[in-house]
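Student: Before I ask anything, let me first share the structure, which is written out below as structure tokens.
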Amino acid sequence: MLHRDTVDTTVLPPGERFGMWLDLVARTSAPLRIRSAHTDDFAARADFIDLGPIQLVEYQYPSLDATRTRKLVRRSDPELYVLALTTGGVGTSSQNGRHSEIQAGEFTFYDASRPHDVCHHATEPERDQATSIITLIPHAALPLPPQRMAALYGGRMSGSEGIGALLAQFLLQVTGHPEQYHAADASRLGAVGLDLATTMLGRHLLAEDEVPTEVRRRALVTQVQAYVHRHLGDAALSPQAVADAHHISLRSLHRLFEGEESTVASYIRDLRLARCRRDLTDPALRTQSVQTIAARLGFPDKAHFSRVFRGAYGLSPQAYREGYPDPARIVNRPASTVNSSRAD
């Protein structure tokens, strides 16, 4: 499981919670001056996940107004960019003379080495909390021209389309389900997140050509793989369909996967087979026929499915299912033995 450090103010009495939050902010690499209308009971939480080249912080609180002054910058300069995804509530972001209103599902971007203002409030403070996922990116880790980045400070970017949507899904998945990953995955996940963030920022700079080629390649591979996952059940899913969906030629798609462990067609087939194998061994799907499971995952031809499944796993789908133990029979077997003993 990915290591996660948590700060939760609700472990203290209401009157001490805001002070705990101020202490937390003061200890961060980029301290802020904080104000809130909920200082009498500041129920808040912060979860920190270190992913090697980047760090993720998931925040939730009732409301917060923050200012990073020139004095605070002089006192502590972390040389970090901040890419913030608002997941709940509304806010504003101001830096470098630019001011933007940020809605849920949108990103904003700023430089922690420069003064800035950020406000984030719950839509209904009495019932909800303001929530966000912050990505901290060291200046040296972002392979984009530093002199160009000021054009994005205090702006907003969509998290519901294109690379922005893919990055938002990645951040929500990692912070929402850290138990699904091993600690050893952290650096690789950080590299994926950094590639996606770099590509999104590069496109908003209208200077994608300045994004390193390998970064763009890895980001596009991640985008293609996410598309395949979402469309596994579509019988028409093919390398050509994938290429068309991403507005590239089939040749370009094949060239894109030259640095991967499998071709596009193999990736689609292997992922479908893995899903079929999982469903065949799912006790909840015992009543569904093999053909139903196969068709749902893009294998409408029964003979073809049986052939490729046997080639991958050494058994026919039916034999594989029959050879996988039913948990209900395993549970009942000891009970039967006990009952026999009592009968004797």
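Student: Order 8, 47, 270, most accessible first, counting only protein heavy atoms with a 1.4 angstrom probe.
Tutor: Details: 8 40, 47 10, 270 70 Å².
Reading off the accessible areas and sorting them downward yields 270, 8, 47.
Student: Now for a separate question. By how many nm would the segment from residue 158 to residue 241 lengthen if fully extended, with 0.36 nm per residue of separation less the alpha-carbon distance? Could the numbers behind the result be given before it?
Tutor: Working: separation 83, 0.36 × 83 = 29.88 nm, distance 2.54 nm.
Computed gain between residue 158 and residue 241 is 27.3 nm.
Student: Ok, one more. Using a 1.4 Å probe, what is the accessible area per residue for region 61-104, in Å²? Before the final figure, lay out the partial values.
Tutor: Numbers: 2050 Å² over 44 residues.
Per residue, region 61-104 has 47 Å² of solvent-accessible surface.
Student: Could you tell me how many degrees, from 0 to 90 and to the nearest 10, lie between the Cα long axis of helix 14-27 and the main elongation axis, the longest principal axis, of the Cα atoms of the chain?
Tutor: 90 degrees
Student: Can you run phi through the Karplus equation (6.51, -1.76, 1.60; θ = phi - 60°) for region 178-186 and list ³J(HN,Hα) in whole Hz, with x for Gly and Pro?
Tutor: x, 5, 7, 10, 8, 4, 5, 7, 4
Student: Carbon-plus-sulfur fraction of the accessible area of region 1-150, 1.4 Å probe, in percent? It would help to have the intermediate numbers written out before the result.
Tutor: On the way: 3500 of 7140 Å².
Solvent-exposed carbon and sulfur of region 1-150 make up 49 percent of the total.
Student: In nm, what is the difference between 0.36 nm times the number of residues separating residue 287 and residue 71 and their Cα-Cα distance? Walk me through the numbers on the way to the answer.
Tutor: Details: separation 216, 0.36 × 216 = 77.76 nm, distance 6.74 nm.
Length difference between fully extended and current span is 71.0 nm.
Student: For residue 6 and residue 274, calculate 0.36 nm times their separation in residues minus their Cα-Cα distance, and state this gained length in nm to one decimal.
Tutor: Values: separation 268, 0.36 × 268 = 96.48 nm, distance 3.49 nm.
Residue separation times 0.36 nm, minus the Cα-Cα distance, leaves 93.0 nm.
Student: Let me ask another. Taking H as built 1.01 Å from N, whose amide H comes closer than 5 Å to the amide H of residue 123, not counting residues under 5 places away?
Tutor: Under 5 Å from the amide H of residue 123 lie the amide H atoms of 89, 90, each far enough along the sequence or on another chain.
Student: Pop a pseudo-label 7 angstrom from the Cα along the beta-carbon direction at both residue 41 and residue 230 and give the gap in nm to one decimal.
Tutor: About 4.0 nm, to one decimal.
Student: Now for a different question. About the Cα centre, and with charges only on the beta carbon of Lys, Arg (+1) and Asp, Glu (-1), how big is the dipole of region 17-110? Nearest 20 debye, please.
Tutor: Working: 11 positive and 11 negative charges, 107 e Å.
Value, rounded to 20: 520 debye.
Student: Report the Stokes-Einstein translational diffusion coefficient (µm² s⁻¹, integer) for region 112-212, Rh taken as the Kirkwood radius over Cα pairs, at 20 °C with viscosity 1.002 mPa s. Spell out each step's value before the answer.
Tutor: Working: Rh = 15.5 Å.
Rounded to a whole number, D works out at 138 µm²/s.
The values are calculated or read from the model by the stated rules, or taken from the named source; none is laboratory data. A quick note: this is a predicted structure, and the numbers were derived from the prediction, not measured. Counting neighbours? That spans all protein chains shown, and the Cβs are built from the backbone with ideal geometry, glycine included. In case anyone asks, the SASA skips ligands and DNA or RNA and just uses the protein heavy atoms, side chains included. Shrake-Rupley method; radii C 1.70, N 1.55, O 1.52, S 1.80 Å.
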